[in-house]
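The values are calculated or read from the model by the stated rules, or taken from the named source; none is laboratory data. In this text, all values refer to a predicted model and were calculated from it rather than measured experimentally. Every residue, glycine as well, gets a Cβ built from its backbone with ideal geometry; the counts of neighbours run over all protein chains shown.
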């Protein structure tokens, strides 16, 4: 059965099993009588009552709403109310695959979906044959600081791969100078703190926490007298509560968090919502969660999950990249080692090397694939005798190989040749038309 057929078959099974009209029922129960538990119950009730005639909230907010519900004290995935919410997210995803074919990598859709799956102990790396985390933290895309931090948090929670280039950007965002002036974003600051808390705890980077303390102090200083953040903004206040509750902070946050929670609860509407808005109510519910908000979501917390130290080199293969310049390149050589995912192409390896600051390159795309134009600003040229100089690529048996024979020349484009473990890839800038 082809991929579309498998998707359609799975979708039909889901629609058949959950196609009945299951009415909302009183599935909520309180574990205590405090104001937070009561406020959470009212918010959950409002969210459940806001489902449309198809028993969901709409494709754009389903995952975010489910995430908030999954962190509430009344969530039970075995109850029909919540089973419907989970399966509707699955159906939306499968329908998108049928409509668009390959997965459309939109961060605003992938982030809440990946975090929701992790919260439900469903691996975001094996979701209907897709690795959702692979579509995040793509160094080829320009993203806002908020989106980057949200992607970092999603990948961290799902125990995905975080590279050095991502760590460098996170450390850059922990510079206090980033958070001065009247136009700072409280939401971005909160998301950066949550991402930092997760990475420090689960990826062995505790040295980040003193920087997080400084950012937390800046955030605390921005609290309004009434306890809110962002000029009485529900979402900003809710996210600040989550951010100040990350593990490992040394600064005193309890009075700030308590004042923010009190403001949040006091601004809940009579119907149980916050601002009569799905997103605001979902964010408030996350902030009031007895399980902790986003920064507490990680695959290691799932029952029956065996937690082992992460090895970032699993499913990767080692290669070497060599760069030679000129016909007698003994004085102009570079060699470096790289770990690339299994089944990578030479083009993928170049992208990883560029992301790690090892080189810069340019290509032009043709029908046969990518054609290499330049490395480190050394570009293809023609001299006065019309002898073309450019990059010739060889796959060598070892790095100490002498000048290669023609049999080692790569015959495919850089985006077509698939790398094998131990490959030594030589990029040699020389006369192309020589004998």
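Of the residues that make up the range 107-120, is at least one at pLDDT 75 or above and in a loop (DSSP other than H, G, I, E, B)? Yes, that holds for at least one residue. Counting just the residues of the range 133-160 that are modelled with pLDDT under 90 and more than 8 Å from the chain's Cα centre (by Cα), which one comes out nearest to residue 214 (Cα to Cα)? Going through the qualifying residues, I end up with 143. Please determine whether any residue of the range 204-224 is under 24 Å from the mean Cα position of the chain (by Cα), buried (at least 20 other Cβ atoms within 10 Å of the Cβ), assigned by TED's automatic domain parsing to the domain that holds residue 154 and within 30 Å of residue 48 (Cβ to Cβ). No; the residues of the range 204-224 include none that is under 24 Å from the mean Cα position of the chain (by Cα), buried (at least 20 other Cβ atoms within 10 Å of the Cβ), assigned by TED's automatic domain parsing to the domain that holds residue 154 and within 30 Å of residue 48 (Cβ to Cβ).
Of all the residues in the range 416-435, those that are under 23 Å from residue 341 (Cα atoms) and either surrounded by 18 or more Cβ atoms within 10 Å (Cβ to Cβ) or more than 39 Å from the chain's Cα centre (by Cα) (or both) number 7. Regarding residue 248, is this residue modelled with pLDDT under 95, assigned to a loop (DSSP other than H, G, I, E, B) and out of contact with any helix residue (DSSP H, G or I) (no Cβ under 7 Å at 6 or more places or on another chain)? The answer is no for residue 248. Residue 69: touching a strand residue (DSSP E or B) at 6+ places or on another chain (Cβ under 9 Å) and modelled with pLDDT of 80 or more, yes or no? No, not satisfied.
Put simply, of 369, 357 the only residue that is surrounded by 11 or more Cβ atoms within 10 Å (Cβ to Cβ), in contact (Cβ under 8 Å) with a residue 24 or more places away in the chain and touching a helix residue (DSSP H, G or I) at 6+ places or on another chain (Cβ under 9 Å) is 369. Inspect the range 398-407 for any residue being outside any loop (DSSP other than H, G, I, E, B), within 16 Å of residue 432 (Cα to Cα), in the same structural domain as residue 320 (by TED's automatic domain parsing) and at pLDDT below 90 and give the result as yes or no. Yes, there is a match, as at least one residue in the range 398-407 is outside any loop (DSSP other than H, G, I, E, B), within 16 Å of residue 432 (Cα to Cα), in the same structural domain as residue 320 (by TED's automatic domain parsing) and at pLDDT below 90. Annotation: of all residues in the range 161-184 being over 11 Å from residue 137 (Cβ atoms), assigned to a loop (DSSP other than H, G, I, E, B) and at pLDDT 90 or above, the one that is farthest from the chain's Cα centre (by Cα) is 175.
Residue under question is residue 270, and the condition is that it be over 29 Å from the mean Cα position of the chain (by Cα), closer than 20 Å to residue 179 by Cβ and part of a loop (DSSP other than H, G, I, E, B); does it hold? Answer is no for this residue. Just one of the numbered conditions (1) over 22 Å from residue 238 (Cα atoms); (2) buried (at least 16 other Cβ atoms within 10 Å of the Cβ) is not true of residue 167: (2).
When each of 280, 284 is tested for being closer than 22 Å to residue 50 by Cα, in the same structural domain as residue 155 (by TED's automatic domain parsing), without any contact (Cβ under 8 Å) to a residue 60 or more places away in the chain and not in a loop (DSSP other than H, G, I, E, B), the lone residue that passes is 280. Filtering the range 225-239 to residues that are modelled with pLDDT under 95 and closer than 14 Å to residue 190 by Cα leaves only 230.
Checked against the criteria, residue 221 does not count as in contact (Cβ under 8 Å) with a residue 24 or more places away in the chain and more than 18 Å from residue 157 (Cβ to Cβ).
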